[in-house]
Amino acid sequence: MKYAVEIERLNVYINGFHALKDVDLRVPQGSIFAVMGPSGSGKTTLLKVINRLIDLVPGARVEGSVRVLGVDALRADPYELRKKVGMVFQVPNPFPHMTIYENVAVAAKLNGAAGSRKELDEVVKWALETAMLWEEVKHRLDRYPSELSGGQRQRLCLARALAMRPELLLLDEPTANIDPVNARKLEEAIASLKGELTIIMVTHLPRQALRVADYVAIIYDGRIVERGPSQEVFVRPSHAVTQLFLKGEV
Amino acid sequence: MASWAVRKLEDRLFVVAVILGSALALAPLAHALAVTLYNGLSTMARAGLGFFVNPPPTPYSASLGGVAPALVGSLLLLALALPPSAFLGLLLAVFTNEFPGSRAAALVEVGARAFASVPTVILSMVAYSLIVVPMRRYSALAGAFALTAASLPYSYTAFSSALRMVPEMYREAAYSIGMSRWATVWRVLVPIARRGIASGVLMTLARILGETAALLFAVGALRYVVPLNPLGPVDALPLLIFDYALSPYKLFHEVAWGAAALLLIVSLALFALSKVVVKGVRL
Amino acid sequence: MSAPVGEMLSEKDKIFYFSLLPPALTTLGLLALIVSTIGAKAALVLPQALAILAANVWDPENERYGLLAPVLGTLVVASIAGAVSLALGLPLTLAVAELLRGRLGSVLQTLLEMASAFPTVVIGLWSARYLAPFLSENVMKPLYSSFGFIPTFSCRPLGGYSLLTAGLAIGFSVVPYTASIMIESYRLIPSTYREACYGIGATRYETARILVSLARPAIAGSVLLGVARAMGETTIAAMTVGNAMNISACLFEPSYTVPALIAAQFGNANLYRYAEPVLYLAALVVLALALALSAVGFKLVSGWRVRIVG
């Protein structure tokens with residue numbers, strides 16, 4: 001089995017605070033891998049290490065081995081690494097000064113994913129369709145994200161990330177700030193991507209993980225306390241934290 | 001604790017004092033505004049459109065003449081000083097915004113503050129000794145140097161705060177799609193901050209037009225001829241106002257008021273524009 | 001197998017940093033150039049600096065110079081301007097940030113910002129033509145005739161051009177600047193303090209007293225910054241101070257400030273041997289004072305802001 005991400009003995013300190021403790025993780029290629037845990041447990045930090053956005057956190061120190069798509073992520077050029085890893089953030093952040101079309105197109109152009117204008121149009125259409133947003137915006141591609149609802153903006157961000165044709169997609173609680181209807185649509189879009197690329201999704205909704213993910217890891221206080229195929233972990237949780245978490249008490 | 005009645009009285013007196021104090025703070029400038037507009041607009045009305053195209057009068061002329069040479073001179077100085085001031089200010093603002101923790105950025109911050117504290121007449125003296133003396137002539141170039149130095153701290157501060165207001169999440173988004181540092185700055189951060197930056201440009205413009213002391217020993221005063229040569233002497237509206245106000249001729253005073261009204265109107269218009277430009281910010 | 005990651009590890013980041021360094025260094029270099037040019041030009045007379053600063057004379061024909069009058073004048077004018085900006089800036093601050101915190105307050109604040117957009121030469125013109133005569137007729141002459149025995153009022157005003165007029169005029173022009181710093185600082189006071197005051201039944205006056213005393217360092221710093229600016233103000237000074245080498249306790253007579261002296265005398269200074277260096281020396285003195293006061297003022301304000309928020 002090939003792994004998209006292999007993490008060994010990862011320790012992250014932020015201004016002295018020990019945010020991630022001895023994390024070991026292997027994410028199979030093509031799978032959807034959920035990372036779950038209560039707030040402050042280190043989920044977002046873990047994602048940020050994978051695409052080197054941890055570089056932006058002042059006072060961060062990272063130790064351990066992190067291999068992403070076969071490359072030593074901690075030593076690689078972060079700008080090159082990020083071209084292969086897409087990310088959707090907790091709060092939708094489409095570029096406000098670019099049109100809907102441009103938001104998606106800029107990601108495609110940057111990564112050489114499209115050449116002529118015609119090819120670009122096709123990539124943009126594909127990305128928006130996959131993100132299940134095409135029908136809602138196809139007649140107003142030259143309008144701005146400010147005209148879209150929160151849920152639509154998040155799907156736009158997904159389309160933007162997909163336009164890169166990434167091999168790995170990181171999702172940080174993508175449905176946290178959007179309404180249930182849009183959340184479902186987003187989940188469908190994510191599930192439809194299975195097999196084409198690897199997805200690591202941070203969520204704090206157990207049922208979402210069950211619906212969408214193949215594997216799940218439970219993280220608590222910076223440590224991975226349980227991991228495995230999502231069916232097993234949810235049906236027969238072994239760690240006390242997992243049980244509490246599933247009952248909504250953590 | 002004093003009785004409630006006393007305290008209430010103190011409170012009322014306090015409010016009166018605050019209102020009076022505020023009024024006293026603004027009244028002189030309000031009076032100056034009114035008086036300048038009144039005197040200046042009546043000069044301009046009497047001089048007609050010629051005010052903008054004629055040279056100034058001699059002390060005993062029959063007509064009011066105009067301020068064309070000074071007006072053109074001010075515009076020439078603006079064209080020479082605004083671009084360097086804006087570009088340098090923007091580059092510095094980008095630098096301190098990208099590397100906020102670095103020692104160089106801290107030095108730039110200190111330097112900008114120090115620059116803002118330098119009396120502008122000193123900038124004029126430096127322009128004189130570094131440019132006017134070696135060139136052996138007064139020039140718009142020397143004036144532009146002094147004006148750039150005088151306005152740089154303001155353009156830097158305005159651009160810096162515009163950039164700092166861009167939410168960090170857009171930088172993360174740009175990086176997440178593989179954008180390089182340069183592209184993130186010029187294709188995402190600066191465009192998002194464009195209204196604040198435009199506002200900063202307008203205020204810098206206003207400062208350059210209104211600055212007097214920085215020009216005193218740099219540009220000479222080519223009072224009667226419209227300047228065409230950036231390497232030669234020029235006049236400027238503030239300089240003309242300054243010289244004419246101190247002169248003993250009534251005619252010159254009237255021209256000074258006209259020029260002052262012009263300068264004031266332009267400054268206030270730029271100020272209003274800079275506020276309007278920022279208003280539509282929607283992130 | 002550890003890689004301490006943080007800002008600037010990657011090669012591309014370093015290249016980016018170094019590509020932006022030239023403008024930063026140029027600016028700092030420019031600043032150094034300005035200061036060193038003034039210093040170098042003053043070098044000729046530096047050995048006699050103390051003697052020049054203590055003398056009161058301006059006789060270029062005989063190469064006799066003394067900067068006592070303009071230096072004292074600068075200090076007096078800056079002090080008056082500082083007092084004005086404190087006396088008027090505080091009510092403005094309380095109006096905008098305490099009493100009228102809603103729409104009326106922000107209208108007032110916009111008016112303040114508009115006031116700081118006034119070119120100083122226009123204020124100078126108004127001061128020369130209106131403020132000076134007004135003060136002369138309505139303030140100086142009455143004070144002279146009734147209280148002439150007090151040294152400060154003991155001279156006949158000459159059209160109103162004097163240290164007092166210059167101080168007031170510069171004060172009025174500096175108030176918007178000082179007030180804006182005060183207002184920004186005052187707004188940083190956490191609202192819990194205000195709520196606590198009103199919660200124990202304090203009146204607006206008592207609340208304001210407490211909050212103002214909390215903000216004392218910031219207010220002092222703002223005034224210092226205003227004074228530093230007032231020291232360097234040239235156009236207004238040159239148009240109102242009277243341009244006379246005169247030292248007296250009386251504030252109604254013409255006198256000099258350093259910037260006004262420079263404005264008046266630098267143009268002809270190259271006809272003489274020592275006039276220019278002396279003027280550069282004067283500039284150096286004012287530059288040093290302005291930089292020092294600004295630094296102290298800034299430290300007070302920013303230090304306080306960090307403490308009040310943290």
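Of note:
- Largest-first principal axis extents of the Cα set of region C:113-180 (Å): 41, 23, 15
- Viscosity 0.890 mPa s, temperature 25 °C, Stokes-Einstein D of chain C from Kirkwood C-alpha radius, µm²/s: 111 µm²/s
- Between the C-alpha center of region B:59-103 and that of region C:241-292 there is a gap of 27 Å.
- Backbone phi angles across region A:57-68, fed through the Karplus curve with coefficients 6.51, -1.76 and 1.60 (θ = phi - 60°), yield HN-Hα couplings of 8, x, x, 8, 9, 10, 10, x, 10, 10, 10, 10 Hz in residue order; Gly and Pro are listed as x.
- In plain terms, if you count all Cα to Cα distances in region A:131-185 and split them into 10 Å steps from zero, the share in each step is 22, 55, 23, 0 percent.
- With coordinates expressed along the principal axes, the C-alpha atoms belonging to region C:38-185 extend over 63, 46, 26 Å, beginning with the largest.
- Column: log10 I(q)/I(0), Debye, Cα scatterers of region A:124-250, q = 0.09, 0.10, 0.12, 0.18 Å⁻¹: -0.30, -0.36, -0.51, -0.97
- Using θ = phi - 60° and Karplus 6.51 cos²θ - 1.76 cosθ + 1.60, couplings along region B:137-146 (whole Hz; Gly, Pro as x): 8, 6, 7, 5, 4, 4, x, 5, 4, 5
- Amide H contacts of A:Met87 (H built 1.01 Å from N, in plane; Pro and chain starts excluded): A:Leu170 sit under 5 Å, all sequence-distant by 5 or more or on other chains.
- Backbone HN-Hα couplings from phi across region C:39-47 [Karplus 6.51/-1.76/1.60, Hz, Gly and Pro as x]: x, 5, 6, 8, 3, 4, 10, 4, x
- By the beta carbon rule, with partners counted only under 4.7 Å, chain C holds these lone Cys residues: C:Cys197.
- Note on region B:68-279: the C-alpha convex hull projects to 13.2 nm² when averaged across all orientations.
- Sequence-separation-based contact order of region B:68-279, relative, with Cα cut under 8 Å and 6+ spacing, percent: 31 percent
- Positive minus negative residues near B:Leu147 (Lys, Arg vs Asp, Glu; Cβ under 13 Å): 0
- Over 31 Å between alpha carbons, listed pairs A:Lys2/A:Lys83; A:Lys83/A:Lys247; A:Lys185/C:Lys14; A:Lys43/C:Lys12; A:Lys109/A:Lys194; A:Lys21/A:Lys84: A:Lys83/A:Lys247; A:Lys185/C:Lys14
- Rounded D (µm²/s) - region B:55-137, Kirkwood Rh over Cα pairs, Stokes-Einstein at 25 °C, 0.890 mPa s: 149 µm²/s
- The C-alpha atoms of region C:119-256 occupy a region whose extents along the principal axes are 55, 35, 24 Å, arranged from largest to smallest.
- Kirkwood Rh, angstrom, region B:1-69 [1 / mean 1/r, Cα pairs]: 16.0 Å
- For B:Gly66, the shell of other residues with beta-carbons less than 14 Å away shows a net charge of 0, using +1 for Lys and Arg and -1 for Asp and Glu.
- Legend: mean number of C-beta atoms from other chains within 10 angstrom of residue C-beta atoms, peptide A:148-157, equals 0.
- Reciprocal of mean inverse Cα separation for the protein assembly as shown (Kirkwood radius, Å): 30.8 Å
- Residues of region C:169-199 with amide N under 19 Å of the 7 Å Cα→Cβ point at B:Leu268: C:172-177
- The equivalent ellipsoid of region B:181-283 has semi-axes of 37, 18, 9 Å, largest first, where each one is the square root of 5 times an eigenvalue of the Cα gyration tensor.
- For region B:1-143, the Rg and Dmax computed from alpha carbons only, in angstrom: 25.2, 75
- Once backbone amide H atoms are built at 1.01 Å from N, A:Met201 has A:Phe33, A:Ala34, A:Val35, A:Leu171 as its partners under 5 Å, excluding neighbours fewer than 5 places away on the same chain.
- Estimated from the Cβ-Cβ distance and a Förster radius of 51 angstrom, the FRET efficiency linking A:Asp121 and C:Arg103 is about 0.60.
- log₁₀ of I(q)/I(0) at q = 0.14, 0.15, 0.17, 0.23 Å⁻¹ - region B:111-217, Debye sum with one point per alpha carbon: -0.66, -0.71, -0.80, -1.10
- Cut-off under 5 Å, modelled amide H: who pairs with A:Ala73 long-range: A:Val66, A:Arg67, A:Val68
- Prolate/oblate/rounded call for region C:65-119, Cα gyration tensor, a/c under 1.5 rounded: oblate
- Cα gyration tensor category, rounded, prolate or oblate, for region C:258-310 with a/c compared to 1.5: prolate
- Nearest-0.05 FRET efficiency for C:Arg156 and B:Ser61, computed from C-beta distance (R0 30 Å): 0.25
- The mean of 1/r over all distinct Cα pairs in region B:62-110, once inverted, gives the Kirkwood hydrodynamic radius of 13.6 Å.
- Normalised by 2.2 N^0.38 Å, where N is the number of residues, the C-alpha radius of gyration of chain A stands at 1.00.
- Highest to lowest packing among C:232-243, B:240-251, A:79-90, scored as the average C-beta count within 10 Å: C:232-243, A:79-90, B:240-251
- Binned Cα-Cα distance frequencies in region C:9-80 - 10 Å width, integer %: 16, 24, 24, 14, 11, 9, 2
- Neighbour net charge for C:Glu137 - beta-carbon separation under 14 angstrom, K R +1, D E -1: +3
No lab work stands behind these numbers, since they all come straight from the coordinates. Computed from a predicted structure; not experimentally measured. A quick note on method: Cβ atoms are made from the backbone with ideal geometry, for glycine too, and the neighbour counts reach across all protein chains shown.
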